[in-house]
Structures are given as structure tokens and as C-alpha cells.
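Report on the following structure.
The values are calculated or read from the model by the stated rules, or taken from the named source; none is laboratory data. Computed from a predicted structure; not experimentally measured. Cβ placement follows ideal geometry from the backbone for every residue including glycine, while neighbour counts extend to all protein chains displayed. When the accessible area is computed, the model is the full protein with side chains, heavy atoms only, and any ligands, DNA or RNA have been set aside. Shrake-Rupley method; radii C 1.70, N 1.55, O 1.52, S 1.80 Å.
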Amino acid sequence: MPTKWNFEAEYIQSCNCAWGCPCNFDALPTTGNCEALVSWHIRKGAFGATKLDGTTFAWGLWWPRAIHMGNGMGRVYIDPKAKPAQREAIEKITGGKEGGGVFAIFPSTLTKALPAKTTKIDLKFKGVNSSFGVDGVGEVQSEPIRNPVTGEPFEGYILLPGGINMKKSTVTNIRRWSLRDDAAGWNMSHENVAGFVTVQRYNEKGPVKRAG
């Protein structure tokens, strides 16, 4: 039975699809496969008796086709500020056996999950202009989508009442993102692709009503 847990986190997502990401609508990825680097900074939360406040972690993910078709690979990166008990909690949550919507579903689609790696994560949550860097591994730079004729910033949101990862999110342009991890055989690099930023609450049952 899953441990009782919950957290509220700032979330930044990048992937290799076109804006909005077809995967959110049960469609196939834009380019046939799926690559992503995402990160959470927990504002407050707990896993059982372990407080998770201030913990930051990222997840590198790759699938050869659509996510639900499986055969993926993933690796979790945890900022060294996490205490041993917090790190253990994050590893358990992302390990697939503690529920939580995406935290249970994604691991079920992975053929290989590499051991979690401790590395500095510098996350700056500033709405559409959010960013994060995973030291020695990769980075994500978000910005507004811009009208192709006028250059004016485009404001858009995605609403997913049954979403496994987020219920509502701002849609952004990821100006660039990269992920290189030799152990995984990854050398990803993309520009002007799908991005999302939001503040989301989760518990062992999945994402819940979006935080303020």
C-alpha cells in the first residue's frame, strides 16, 4: 500500500514536441519519439514523516515511440541539498510504487531506470520565463510563445481535468533545452519546442487541484 504523501511544487517541463504537445491529447509525438527533461521544486510537502520542503529534483526521460508504447529510459537527478531521508523519499516516489499519477505511470513504461544521480539543480521559477539547469547534465530555458507576424507574446493555457501530471498549466516556448548523460547514451538538444510551467499539488492518488 502506498505511503501517504503530498507536495506542492513549482514545475517546469520541456519536451521535443510542437507547442501544446500531442501526448496531452492522447495523440502520437510530433516527431515520432519522445524526449523530455522536467523538474520540480517542492515548496512544501511530506512523504510519511519526512518533510520535503525545499527539495528539488529533475527527471530525464526518453521513449522510442509514444510514451504508452513503452520501452523508455529514465533517470532522476536530485539536488544535493536534499537530506538522505528526502532523497530516499524522492527515489521512492519516482520509482513507481508509491502512486501519484505520473509518478506511477511513467515508471511502468520504462524498460530501464538508471540509478538516481545527485547533482546541483538551479531552478528559477518566473512564470513563462522560468528555467533550470542540472549541473553537468543539461538545461531548460523557457520563454513566451510569440505571434509569428507581430512578435507579440502569446498567452495560452492547457486545462486537463483528467491529467496524470498537471491539471492546468501555462503553455510556453522552450527556447532551448539539452540533456547529455553518457551513462544513458543521451545527447539531446532542441530549440523552440513545447514547454509548460505551473504550480501543482500531488499526492499518492495523483495531481490534485492546482495551487494558487
- Query: Among ALA184, GLY162, LEU123, whose Cα sits farthest toward the positive end of the charge dipole of region 96-209 (+1 at Cβ of Lys/Arg, -1 at Cβ of Asp/Glu, about the Cα centre)?
  - Reply: GLY162
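Over region 93-165, what portion of Cα pair distances is larger than 14 Å, expressed as a whole percent?
Details: 1968 of 2628 pairs.
Taking all Cα-Cα pairs of region 93-165, the fraction more than 14 Å apart is 75 percent.
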- Message: So, taking all protein chains as they sit and a 1.4 Å probe, how much accessible area belongs to TYR157, in Å² rounded to tens?
- Response: 120
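Where a ≥ b ≥ c are the square roots of the eigenvalues of the C-alpha gyration tensor, would you call the chain rounded, which needs a/c under 1.5, or, failing that, prolate if a/b is larger than b/c, or oblate? Spell out each step's value before the answer.
Details: a/c = 1.42, a/b = 1.30, b/c = 1.09.
Cα axes put the chain in the rounded bin.
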- Tell me, what is the 1.4 Å probe accessible area of SER142, in Å² to the nearest 10? 10
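For THR150, THR109, THR3, write out the residues from largest to smallest accessible area, computed with a 1.4 angstrom probe and no ligands counted.
Details: THR150 90, THR109 15, THR3 45 Å².
Heavy-atom accessible area, descending, gives THR150, THR3, THR109.
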- Hey, can you find the accessible area per residue of the chain for me, probe 1.4 Å, expressed in square angstrom? 48
- Task: Enumerate the calculated ³J(HN,Hα) couplings along region 6-19 in order (Karplus 6.51 cos²θ - 1.76 cosθ + 1.60, θ = phi - 60°), each rounded to whole Hz, writing x wherever the residue is Gly or Pro.
- Result: 6, 7, 10, 9, 7, 10, 10, 10, 10, 8, 9, 8, 5, 3
- Task: Just report the Cα centroid separation between region 140-158 and region 122-136, whole Å.
- Result: 18
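Please report the projected area of region 154-212's Cα convex hull averaged over all directions, in nm². Show your work: numbers first, answer last.
Details: hull surface 22.7 nm².
About 5.7 nm², averaged over all directions.
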- Task: Please list, in chain and number order, the residues 5+ apart from GLY195 or on another chain whose amide H is under 5 Å from its amide H, with Hs placed from the backbone.
- Result: GLY20, THR172, ILE174
- Item | Helix 84-93 axis, angle to the chain major axis (alpha carbon atoms, nearest 10°) | 60
- Karplus (6.51, -1.76, 1.60) ³J(HN,Hα), θ = phi - 60°, over region 47-60, in Hz, Gly and Pro reported as x: 10, x, 8, 8, 6, 10, 3, x, 6, 10, 8, 10, 9, x
- So what is the calculated 222 nm ellipticity per residue for the chain, using -39500 (n - 2.57) for each DSSP H run with n of 4 or more, over all residues, to the nearest 500 deg cm²/dmol? -2000 deg cm²/dmol
- Task: Would you kindly state how much longer the chain becomes between PHE154 and LYS44 on full extension, computed as 0.36 nm times their sequence separation minus their alpha carbon distance, in nm to one decimal?
- Result: 36.5 nm
- Over region 76-120, volume per residue of the alpha carbon convex hull, in Å³: 67
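Once neighbouring chains are kept in place and the probe is 1.4 Å, which whole percent of the accessible area of region 1-108 is contributed by carbon and sulfur?
Numbers: 2610 of 4720 Å².
After summing per-atom areas, the C and S share lands at 55 percent.
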- Note on the structure: Amide H contacts under 5 Å for THR55, restricted to residues at least 5 apart in sequence or on another chain and with H modeled in the peptide plane, are ILE42
- Size of charge dipole - the chain - debye, nearest 20, with Cβ of Lys, Arg +1 and Asp, Glu -1, no other charges: 580
- In Hz, Karplus ³J(HN,Hα) per residue of region 169-181 (6.51, -1.76, 1.60; θ = phi - 60°; x = Gly, Pro): 8, 7, 8, 10, 9, 8, 4, 7, 8, 8, 8, 10, 9
